[in-house]
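The values are calculated or read from the model by the stated rules, or taken from the named source; none is laboratory data. Keep in mind it's a predicted model, so treat the numbers as computed, not measured. In this analysis, Cβ positions are derived from the backbone assuming ideal geometry, glycine residues included, and neighbour counts consider all displayed protein chains. These accessible areas exclude ligands, DNA and RNA; they are computed on the full protein's heavy atoms, side chains included. Shrake-Rupley method; radii C 1.70, N 1.55, O 1.52, S 1.80 Å.
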Amino acid sequence: QVQLVESGGGLVQAGGSLRLSCAASGSRFSINAMAWYRQAPRKQRELVASITKGGSTNYADSVKGRFTISRDNAKNTVYLQMNSLQPEDTAVYYCKAEGTTVQTMGLMSFASWGQGTQVTVSS
């Protein structure tokens, strides 16, 4: 079982910045891709940014040039630096990790989600 714990959300004025962190813990696991998603009230959850183990990144068009995803493989941690925040960025932000764990039967794939952290941007 791989657990994810997010931190760094909060209330910020438009134009401000926040940095989210997500740390993975567990035993005998290896993470491949990590990503940040967000879900605003009455909207579907959407991908914000993703990063592979090798560092390749992908961003939603709405955040390109403003958000930066990065990861520290040694710490099993992914970050999301959010600059020039706008009210439309208000949402609960979720971290997701995909990889493999070593089980009795061998390698097993997993996909874990964090509990979410609220980001609120005031105008």
* How large is the dipole of the chain about the Cα centre if only Lys and Arg carry +1 and Asp and Glu carry -1, each at its Cβ, rounded to the nearest 20 debye? -> 100
* Asked: Given a 1.4 Å probe, how much area per residue of the stretch 1-121 is accessible, in Å²?
  -> 53
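Computing the accessible area with a 1.4 Å probe over protein heavy atoms, can you report the carbon and sulfur percentage for the stretch 1-96? List each step's numbers first, then the result.
Working: 2270 of 5040 Å².
With neighbouring chains kept in place, the figure for the stretch 1-96 is 45 percent.
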* Reachable lysines from residue 75, Cα under 29 Å, same-chain residues fewer than 8 places away excluded? -> 53, 64, 96
* Choice from 91, 74, 49 with maximal GNM fluctuation in the chain (Cα, 10 Å cutoff) -> 74
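Can you sort 100, 77, 68 by solvent-accessible area, 1.4 Å probe, largest first?
If we order 100, 77, 68 from most to least accessible, we get 68, 100, 77.
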* Asked: Most mobile of 20, 47, 107 per a Gaussian network model of the chain (Cα springs, under 10 Å)?
  -> 107
* Taking the convex hull of Cα positions in the chain, its mean projected area over all directions (nm²) -> 7.5
